[in-house]
Each structure stands twice: as structure tokens, then as C-alpha cells.
1. Cβ-Cβ distance below 7 Å, separation of 6 or more or different chains: which pairs start in segment 161-177 with a residue that is farther than 16 Å from Cys84 by Cα and end on one that is modelled with pLDDT of 95 or more and among the charged types (D, E, K, R)?
2. Starting from segment 94-111, keep only residues that are touching a residue at least 40 places away in the same chain (Cβ under 8 Å), then list their pairs with residues that are surrounded by 10 or more Cβ atoms within 10 Å (Cβ to Cβ) and not hydrophobic (A, V, I, L, M, F, W, C) whose Cβ atoms are within a distance under 7 Å, requiring at least 6 positions of separation or different chains.
3. Restrict the check to segment 226-248 and report whether at least one residue is closer than 30 Å to Leu136 by Cα and among the basic types (Lys, Arg).
4. Would you call Ala165 closer than 25 Å to Asn227 by Cβ and in contact with a helix residue (DSSP H, G or I) (Cβ under 9 Å, 6 or more places away or on another chain)?
5. Pairs, please: C-beta under 6 Å, at least 6 apart or cross-chain, first residue at pLDDT 95 or above and in segment 236-260, second crowded, with 17+ Cβ neighbours inside 10 Å and aromatic (Phe, Trp, Tyr)?
6. Output the residue which, of all residues in segment 170-228 that are among the hydroxyl-bearing types (Ser, Thr, Tyr) and within 22 Å of the chain's Cα centre (by Cα), is surrounded by the most Cβ atoms within 10 Å (Cβ to Cβ).
7. Taking segment 39-62, which residues are of a type in the set (A, V, I, L, M), in contact with a strand residue (DSSP E or B) (Cβ under 9 Å, 6 or more places away or on another chain) and part of a helix (DSSP H, G or I)?
8. With the checklist (1) farther than 12 Å from Ser129 by Cβ; (2) among the acidic types (Asp, Glu); (3) out of contact with any strand residue (DSSP E or B) (no Cβ under 9 Å at 6 or more places or on another chain) in hand, flag the one item Asp36 doesn't pass.
Amino acid sequence: MELKGLSAVVTGGASGLGAATARALAKEGVKVAIFDMNSEKGEAVAAELGGVFCHVNVTDEASVDAGFAKARAAIGQERILVNCAGTGNAIKTASRSKETGEIKHFPLDAFNMIIQINLVGTFRCIAKSAAGMMSLPPLGDFGERGVIINTASVAAEDGQIGQAAYSASKGGVVGMTLPIARDLSSEGIRVNTILPGIFNTPLLQAAPQNVKDALGASVPFPKRLGNPEEYASLALEMCRNSYFNGEDVRLDGSIRMAPR
């Protein structure tokens with residue numbers, strides 16, 4: 001797929017992996033709309049790229065609809081969707097207090113929140129974007145209409161202690177990639193998912209340097225945290241390469257996460 005002149009929506013595009021991908025797409029001549037909850041950072045990135053910011057909560061259908069309407073009015077119907085919006089928590093399924101012996105289980109509302117953001121929110125954006133892409137004429141010799149890239153995590157395959165909700169949400173993203181790619185194949189829309197390992201995103205940037213050094217040293221090679229630009233590079237290849245479809249790709253320096 002030739003990227004120059006196309007339009008893209010990047011969810012979670014105000015920071016981290018999403019912001020790096022938005023910048024990489026803009027550098028290739030793509031018009032970018034950023035969906036995010038952080039208006040200050042989102043507006044700043046959009047202004048930097050000459051794009052448009054849309055305040056979007058992916059768990060709210062009306063908010064997502066309004067975001068797509070605003071984005072399409074400003075830059076046209078997107079042919080690229082990159083889903084980076086997501087979050088996590090760390091709570092054991094059931095645990096015992098060392099101080100009191102009290103036994104508690106994972107609060108189901110906290111479990112559901114992660115599923116709603118990471119899994120249902122991702123699918124909501126996929127379904128609405130795909131429907132829009134289907135209205136476009138096909139491109140080139142292969143009849144492509146668009147490409148969708150999702151963000152899972154290595155936790156989808158080797159989740160750690162306390163990551164039941166996070167791993168379930170990201171495992172769901174992996175599990176739906178192939179069926180969605182098959183659903184949309186007749187319309188010329190490709191779907192792929194990236195499973196990042198330990199990346200130097202804003203969540204980790206706040207950690208002490210010794211913690212970041214220890215995490216980097218746990219990666220077999222290269223012994224460092226991943227850079228958001230490396231995620232963006234793979235996302236661009238998934239956009240460009242028309243034979244890249246229905247795939248879930250780990251990007252992790254060959255790490256396999258330990259239980260804790």
C-alpha cells in the first residue's frame with residue numbers, strides 16, 4: 001500500500017506507542033487523526049503533525065462515533081486504523097493479606113474495566129472503521145481498501161502474576177485478529193496485531209532508573225527496553241506490505257515473561 005496522501009486514525013495517539021506511530025505515519029505523508037482521552041497531549045501531537053485531535057473514550061459508543069465523524073470531516077475517510085488505546089492493572093485472582101489474613105478476590109468491576117477498554121474498545125473501533133473503509137473505492141492491483149493494526153501484548157501469551165484481566169483482554173485481541181481478517185478479506189481490508197514486550201513508554205518512564213535497567217537486562221537481546229519508534233516501524237511495514245494479513249507478531253527482543 002502506498003501511504004502518501006492516505007488518512008489514518010491512531011487511538012491512544014497522544015503518547016507512547018500511539019504517538020510514535022502517528023509521527024511515523026505523518027512523516028510518510030499520511031494525514032493523521034488522534035483519538036485519546038488526554039486533550040492537552042493529544043492537541044499538542046496533532047498540532048505538531050498538522051493533524052486533528054478527537055477526544056475519544058473507546059468504551060463509549062457515542063464518543064467513538066463522534067470521533068470518527070470529526071476525523072473524517074477534517075481529513076477524509078481513514079484507510080489506516082492503528083489501535084493503541086489501552087491500560088492495565090495488577091490484582092491477583094484471589095489473595096490473602098499478610099497482615100490480617102483476610103481473603104479477597106479480584107473485584108469484577110476492575111476486571112470488566114480492562115476488558116471494556118482493551119478488548120471491547122478495540123473491537124468497537126475496528127468495526128466502525130472497517131464499515132467506513134468499505135465505502136471507499138479499492139486501490140491498486142490488489143483491490144485494497146484499508147489496513148487495521150491492533151496492539152496486544154506479550155502478556156497475551158505469558159501473562160504474569162496479577163495480570164489475569166490484562167492478559168485476558170490482550171489474548172482476546174490476538175484471538176480475534178484472524179477471524180476479523182477473514183471477515184474483511186473480501187472487502188480488501190487487512191488486519192494484523194503487534195504484541196509488544198517491555199517498551200519505554202510513559203508508564204515505565206516514571207519508574208526509577210534502576211528498575212528500568214533491571215527490566216532492560218531481562219531481555220535476551222538487545223538488553224534494553226523497546227523504543228516506541230520500533231513499534232511504529234513494524235506498524236508501517238504492516239501498512240505497506242500487502243501480503244501482511246491475519247498475523248499476530250511479537251516484538252519483544254525474544255523475552256518470555258517470568259511469573260513475576
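The values are calculated or read from the model by the stated rules, or taken from the named source; none is laboratory data. On a predicted model such as this, the values are computed, not experimentally measured, just so you know. FYI the Cβ positions are ideal-geometry reconstructions off the backbone, even for glycines, and counts take in every protein chain you see.
1. Close Cβ pairs (under 7 Å, with a partner that is modelled with pLDDT of 95 or more and among the charged types (D, E, K, R)) amount to Ile161/Lys92; Gly162/Lys92.
2. Once the first residue is touching a residue at least 40 places away in the same chain (Cβ under 8 Å) and sits in segment 94-111, its partners that are surrounded by 10 or more Cβ atoms within 10 Å (Cβ to Cβ) and not hydrophobic (A, V, I, L, M, F, W, C) give Phe106/Lys92; Phe106/Thr93; Ala110/Asn89.
3. There is at least one residue in segment 226-248 that is closer than 30 Å to Leu136 by Cα and among the basic types (Lys, Arg).
4. No; evaluated as a whole, the condition is false for this residue.
5. Within 6 Å, the pairs are Met238/Phe244.
6. Of everything passing the filter in segment 170-228, Thr193 is surrounded by the most Cβ atoms within 10 Å (Cβ to Cβ).
7. Ala44, Val45, Ala46, Ala47, Leu49
8. (3)
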